[in-house]
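Novice: Attaching a single structure in structure tokens format; questions to follow.
Every number in this text was worked out from the coordinates using simple rules, so none of it is lab data. Just so it is clear, the model here is predicted, and its values are computed rather than measured. For neighbour counting, all protein chains shown are included, and Cβ atoms are generated from backbone atoms with ideal geometry for every residue, glycine included.
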Amino acid sequence: MVGTAVKKAALVLALILTVSFLSYILAEKQFVFTASGQYSELVISIRNDGSVDPSTAPLQWNGNAYTLTSDVDCNTIIIQRDNLVFDGANHTIELLGSISITQRENVTVKNTIIKAGLGISLSGSNNKIIGNTFHINATNAIAVSHTGFAVTTGNIISNNTIELKNGFAGVDVFKASDTVISDNTILTAESSSQVFGGITVSSSHNTSVVGNNINAYTTYGIAILGNYLDSSLEGEVLSAVVRANHVTGNYSFGVYSNCPNVDITGNKVTGDLKRNPESYGIMLREDSDNNVVSQNYVLNNGVGICFQPFLNNAVEGILKSKVFENSLVNNNIQAEINMANCSISWDNGGKGNYWSNYNGTDSNDDGIGDIPYIIGGAYKDNYPLMKPVVIPTQIPEPSAESLPATTILAASAVVAIIGIGLFACFKKRY
């Protein structure tokens with residue numbers, strides 16, 4: 001069980017670097033093959049003086065508002081002005097490059113249907129990507145990343161619908177702070193391949209991942225990664241909140257963290273044991289010190305909650321985590337601890353967790369079992385709960401909508417490049 005998951009975890013780190021490089025390359029391409037079957041050389045730019053180039057582009061300009069007036073096939077849309085609103089007015093943009101928002105402030109993109117390899121590439125501060133629909137066939141729907149010396153902070157990704165096929169992630173955040181990712185619906189087809197994450201966050205501080213619905217036929221539903229891609233961040237304090245999300249159809253890792261100071265609360269992670277009996281509901285790796293895991297409902301996974309060092313490396317120091325008031329229901333293994341150097345508290349001093357296979361009694365009807373629940377080794381839950389915990393915010397089930405069957409030719413080529421680069425990285429290192 002662990003071997004397959006470890007290989008996937010190793011692959012994803014190499015893939016993030018590959019995708020970052022591809023995102024830059026795609027934004028520079030001058031010819032794309034759109035889903036309409038036509039080559040397009042059109043690059044639409046909103047200049048820093050507010051003008052639109054070319055002037056014939058289907059954009060209506062009124063002050064700081066730019067509204068799309070028709071569907072459009074183009075190479076790339078480049079936004080070079082701060083303090084504007086790009087309103088797609090529910091029109092469709094087909095492109096393989098991206099909507100490029102580089103080192104910008106207070107830019108909003110809304111109400112746009114985007115069919116692309118990479119949807120939106122974003123850096124800068126206080127930008128908003130809200131209420132859009134993405135059909136992605138190659139890399140990321142939304143990539144938020146530090147660029148050059150620019151500070152990337154305070155960006156909001158909210159209320160978007162993202163459909164992934166042969167892509168990397170719905171939302172990918174790298175080296176950013178104070179990012180809010182909320183109330184998005186991220187869907188992947190059961191037949192999807194090369195889809196690695198619903199939401200991936202790495203080398204970032206104070207990220208909020210809240211209220212998202214993720215139908216995760218992917219390696220990661222939600223992944224919070226530490227400083228593995230940027231040694232310059234060593235010593236900085238990273239943190240994240242993962243709260244009130246619903247990951248369903250969990251194929252490999254529902255919620256994954258190898259980052260310190262992560263609060264994982266009130267999530268529902270539902271696996272599919274028929275498709276993959278080796279899935280993990282919540283996985284915490286080394287460096288996940290001072291994590292809190294509480295009030296989560298973890299159902300039908302291979303392992304409900306797991307503490308496992310990456311590639312079985314030795315863990316230095318003592319990792320401390322608190323795990324309490326979770327409901328672990330019908331997982332093949334409810335909890336597994338494979339790290340020697342960790343200190344896990346399985347209660348908050350009065351309440352532990354609900355275990356669906358607990359056979360104890362409650363003689364005084366206080367809701368707490370009379371005898372501890374034995375987890376394994378020296379670990380036990382001294383205050384096992386007799387009933388499941390009600391999740392604070394109930395998240396509706398995401399609909400299993402079918403994805404578009406047409407695959408963009410150029411996007412397929414990009415996926416092939418990803419695979420080749422990933423294989424080369426893996427072969428060289430391992």
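Novice: Scan around ARG104 for amide H atoms under 5 Å from its own, H built in the peptide plane at 1.01 Å from N, and keep only partners 5 or more places away or cross-chain.
Specialist: Result for ARG104 returns SER123, GLY124, SER125.
Novice: Provide the packing ranking of 350-360, 158-168, 73-83, i.e. peptides ordered by the mean count of other C-beta atoms within 10 Å per residue, highest first.
Specialist: Peptide ranking by packing, descending: 158-168, 73-83, 350-360.
Novice: Give the peptides 263-274, 246-257 in descending order of average Cβ contacts within 10 Å, highest first.
Specialist: Result, highest mean first: 246-257, 263-274.
Novice: Also, quick follow-up: Only four residue types carry charge here, +1 at the Cβ of Lys and Arg and -1 at the Cβ of Asp and Glu. Report the dipole size of the range 269-308 about the Cα centre in Debye, rounded to the nearest 20.
Specialist: 240
Novice: Order the peptides 181-187, 289-295, 374-380 from the highest to the lowest mean number of other Cβ atoms within 10 Å of their residues.
Specialist: Descending mean neighbour count gives 181-187, 289-295, 374-380.
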